1. Taking the Cβ of Gly115 as the centre, find all other residues whose Cβ is under 9 Å away and add up their charges (Lys, Arg: +1; Asp, Glu: -1).
2. Report the antiparallel proportion of the DSSP beta bridges in the chain as a percent, rounded to a multiple of 5.
3. Divide by every residue of the chain the summed helix terms, -39500 (n - 2.57) for each DSSP H run of at least 4, and state the resulting mean residue ellipticity at 222 nm, rounded to the nearest 500 deg cm²/dmol.
4. Please give me the summed charge of the neighbours of Asp182: other residues whose Cβ is under 11 Å from its Cβ, Lys and Arg +1, Asp and Glu -1.
5. Measuring from label point to label point, each 7 Å out along Cα→Cβ, what is the Glu98 to Ala135 span in nm?
6. Using the 2.2 N^0.38 Å rule of thumb for compact globular proteins, work out how the stretch 139-190 stacks up: its C-alpha Rg over that value, please.
7. With a ≥ b ≥ c the root eigenvalues of the C-alpha gyration tensor of the chain, is it rounded (a/c under 1.5), prolate (a/b larger than b/c) or oblate?
8. Counting only protein heavy atoms, what percent of the accessible surface of the chain is carbon or sulfur at a 1.4 Å probe?
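The values are calculated or read from the model by the stated rules, or taken from the named source; none is laboratory data. As the structure is a computational prediction, the values presented were derived from the model and not from experiment. Heads up, the Cβs are rebuilt from the backbone with ideal geometry, glycines too, and the neighbour counts pull from every protein chain shown. Side chains included, ligands, DNA and RNA excluded: accessible areas come from the protein's heavy atoms. Shrake-Rupley method; radii C 1.70, N 1.55, O 1.52, S 1.80 Å.
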Amino acid sequence: MRPDKLILITALATILLAGCSSNSSLPTATTRASLTTDVNSYHYLIGPGDRLNIFVWRNPEISGQFVVRPDGKVTTSLVEDLDVAGKTPTILAREIEEALSLYINNPRVTVSVTGFQGPLSEQVRVIGEATNPKAINYTEHMTLLDLMISVGGLTDFANGNDAKLVRVVNGKQEVYEINIDDLIREGDIEENVDMLPGDIVIIPEAWF
């Protein structure tokens with residue numbers, strides 16, 4: 001490469017890097033509260049990847065199966081780009097009835113879900129020193145013990161009694177202390193707690 005070209009490329013790279021070096025930071029991820037705030041009243045929410053069976057009574061030509069797109073919408077034969085993610089099947093059925101009432105007299109709609117995925121914001125996440133840290137679809141009455149079984153327990157380097165549970169309460173993230181070591185290594189069942197959709201469990205590494 002000619003020396004003059006090399007100098008020009010170096011100068012341009014320096015200018016670009018200088019322009020990119022900024023003290024600005026990205027905004028914090030949006031906090032999304034679940035409809036489920038009580039472990040005894042779980043509401044499954046539809047999410048991308050779910051397969052919906054939409055049945056319109058006496059109208060088989062517009063009934064059918066629909067897969068929720070990544071943008072949280074489906075398209076039916078009469079209604080385009082219908083927002084479905086983040087809604088319960090019952091709420092969605094009522095909204096479809098309202099939309100179809102423009103074309104059909106007194107529509108009756110039933111929505112059922114198969115191939116459950118749900119919104120990412122409804123998953124329970126385990127990060128840090130779990131044997132298999134991952135995001136897990138919430139199921140009714142899930143507890144911390146159930147969650148730890150799903151991720152294979154703790155690693156040998158985990159400080160389970162310094163773990164934290166992050167939960168959205170009244171639109172704000174709250175942090176709670178949980179004692180996972182006492183629960184799964186000492187068998188102290190009183191340390192078992194109920195999980196809710198959207199919970200995040202953070203397990204730090206122990207300092208030896």
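1. Summing Lys and Arg as +1 and Asp and Glu as -1 gives 0.
2. Working: 27 of 31 bridges.
In the chain, approximately 85 percent of DSSP beta bridges are antiparallel ones.
3. After summing the helix terms and dividing by residue count, I get -6000 deg cm²/dmol.
4. Local net charge: -4.
5. 2.9 nm
6. 1.22
7. oblate
8. 54 percent
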